[in-house]
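Notes follow the structure.
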Amino acid sequence: MQKKLQSLVATQFEAAGFKTDAKNIRTASGVQGIRKVAISVIKRCMKADPTGFGNDIRNLSVEGESNNG
């Protein structure tokens, strides 16, 4: 199941033009490898739109901390 999902996500990334990310998704092994790729993509999105997407992620982080503590 996990490999099928990885392949599906990688195909979508390729179609969007993110060939390096697609390769990294396909070759990621285990949860740790997939998490590393996901964090890389999120960081890139935050840099591309720091006032929009970046603030949304920061707000989610703060909200998560307040709900967990």
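The values are calculated or read from the model by the stated rules, or taken from the named source; none is laboratory data. Keep in mind that what you see is a predicted model, and the values were worked out from it rather than measured. Ideal geometry is used to build each Cβ from the backbone, glycine not excepted, and the neighbour counts take in all protein chains shown.
See the values below:
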| quantity | calculated |
| --- | --- |
| Subset tally (residues that are polar (S, T, N, Q), assigned to a helix (DSSP H, G or I) and surrounded by fewer than 15 Cβ atoms within 10 Å (Cβ to Cβ)) for the range 13-59 | 6 |
| Residues located in the range 1-21, provided they are at pLDDT 90 or above and either on the phi > 0 side of the Ramachandran plot or in contact with an Asp or Glu (Cβ under 9 Å, 6 or more places away or on another chain) (or both) | A10, E14 |
| The range 1-27 residues that are over 13 Å from V41 (Cα atoms) and without any contact (Cβ under 8 Å) to a residue 12 or more places away in the chain, paired with ones that are among the aliphatic types (A, V, I, L, M) and not in a loop (DSSP other than H, G, I, E, B) (beta carbon under 8 Å, 6 or more apart) | T11/A22; E14/A22 |
